[in-house]
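The values are calculated or read from the model by the stated rules, or taken from the named source; none is laboratory data. The model shown is predicted, which means the values in this text are computed figures rather than measured ones. Neighbour counts are summed over all protein chains in view; Cβ atoms, including those assigned to glycine, are modelled from backbone coordinates with ideal geometry. Side chains are part of the model used for accessible areas, which takes the heavy atoms of the whole protein and leaves out ligands, DNA and RNA. Shrake-Rupley method; radii C 1.70, N 1.55, O 1.52, S 1.80 Å.
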Amino acid sequence: MARGANQKLKLLYLSDYLRRTDEEHPVTLAQMADYLALQGISAERKALYDDLAALEQFGLDVQRVRCGSGTGYFLGERDFQLPELKLLVDSVQSSKFITERKSLELIRKLERLTSEAGARELHRQVWVRGRIKTMNESIYYTVDALHAAMEEDRSVTFQYYEWNVRRERVFRRDGKRYAVSPWALLWDDENYYLLAFDHEAGFFKHFRVDKLHGIRAAKTPREGAEAFAALDMTAYTDTHFGMFSGEVRRVRLLFENGLAGPVIDRFGTETALVPEDEDHFSVTVQAAVNAQFFGWLCGFGDRVRLLSPADAVEGMRAHIAAVARQYEA
């Protein structure tokens with residue numbers, strides 16, 4: 001590229017250079033000039049003052065600080081501060097629905113939103129390799145297709161699969177395509193779920209997004225608008241343990257006082273903890289009664305008891321008996 005053409009890119013290169021700085025790593029006008037020279041751009045001291053003023057007028061938070069015997073410059077306020085980027089990096093690397101390769105790509109892009117020193121600090125907290133990750137590389141396309149269908153008020157079809165013991169994909173319903181109306185995407189237990197109205201079943205179901213295959217937008221409009229409007233999304237995610245299906249029931253539980261923390265973590269601070277005696281309290285909550293719910297209760301051993309309804313109590317007994325049979329001599 002000709003030198004004159006490079007000169008037109010001067011402000012772009014300068015802003016990019018400043019994005020690599022922070023308060024502890026400012027740069028001087030001489031360093032700016034040297035960097036621009038490497039790009040084939042000449043930069044005089046007075047012109048750099050004008051360039052910095054132009055960048056400030058554009059909206060960049062250019063800060064000045066004493067640097068040796070002169071003045072150093074760095075970029076102050078950014079779209080994302082380092083603690084915010086650390087949260088995003090943690091979310092990406094812990095998300096099971098994003099493949100290892102895509103996770104590393106996303107984190108590299110996040111590193112470009114901070115200074116060079118900040119990027120190194122972000123990189124030190126990255127532990128993606130070896131984590132449980134999906135192998136579905138089409139996850140981005142799937143999510144984009146679902147958002148497009150919701151925006152255009154269209155139904156979608158797809159195949160849904162599980163893994164067998166040979167680590168092979170096995171399609172449910174012998175590969176027959178599901179026809180559903182997508183209404184929301186939910187993030188639960190580090191996985192991404194589609195909440196959709198199943199046309200054949202006539203009610204809402206949730207599907208692991210990374211297990212959708214061959215998604216296609218249909219020409220038919222979405223169904224289930226009234227049911228979705230009446231759905232309490234927070235209550236839905238709170239009552240479905242691990243997003244496994246089950247009939248949502250009103251259940252009463254008796255806990256030892258020492259389990260108040262886990263109960264509040266699971267059901268929220270608005271849950272009423274009713275004292276029953278000096279050592280126990282009870283709660284009445286909505287929960288999807290299934291094996292995952294029973295397993296959650298079993299995790300507390302004899303410190304919790306399911307009190308009602310009667311059929312749920314019977315289901316708990318059957319669950320415990322089935323587990324016990326696995327360990328009979």
Cut-off 12 Å (backbone N to label point 7 Å along Cα→Cβ of residue 200), residues of the range 131-172: 158-160, 172
Accessible-area composition of the range 42-83, carbon plus sulfur, in percent [1.4 Å probe]: 50
Solvent-accessible surface (1.4 angstrom probe) belonging to residue 109, in square angstrom, nearest 10: 110
Mean accessible surface per residue for the chain, computed with a 1.4 Å probe while every protein chain stays in place, in Å²: 59
Accessible surface of residue 142 - all protein chains present, 1.4 Å probe, nearest 10 Å²: 0
Residue 324/residue 137 FRET efficiency (R0 45 Å; Cβ-Cβ; nearest 0.05): 0.60
Residue 16 versus residue 226: modelled label distance in nm, points set 7 Å from Cα along the beta carbon direction: 5.7
Using a Förster distance of 25 Å, the FRET efficiency for residue 217-residue 248 (Cβ separation, nearest 0.05): 0.25
Sites residue 69 and residue 116, calculated FRET efficiency, Cβ-Cβ separation with R0 22 Å, nearest 0.05: 0.40
Spin-label model distance (nm) - residue 271 vs residue 109, 7 Å beyond Cα toward Cβ: 3.7
Extension reserve of the residue 308-residue 100 stretch, reckoned as 0.36 nm per residue once the Cα distance is removed: 70.5 nm
Centre separation in Å (Cα based) which lies between the range 103-174 and the range 267-286: 38
Highest to lowest packing among 21-27, 54-60, scored as the average C-beta count within 10 Å: 21-27, 54-60
Estimated distance in nm for a label pair at residue 237 and residue 291, the labels positioned 7 Å out from Cα along Cα-to-Cβ: 2.6
Full-stretch length increase - residue 187, residue 87 - with 0.36 nm per residue and alpha-carbon distance subtracted: 34.5 nm
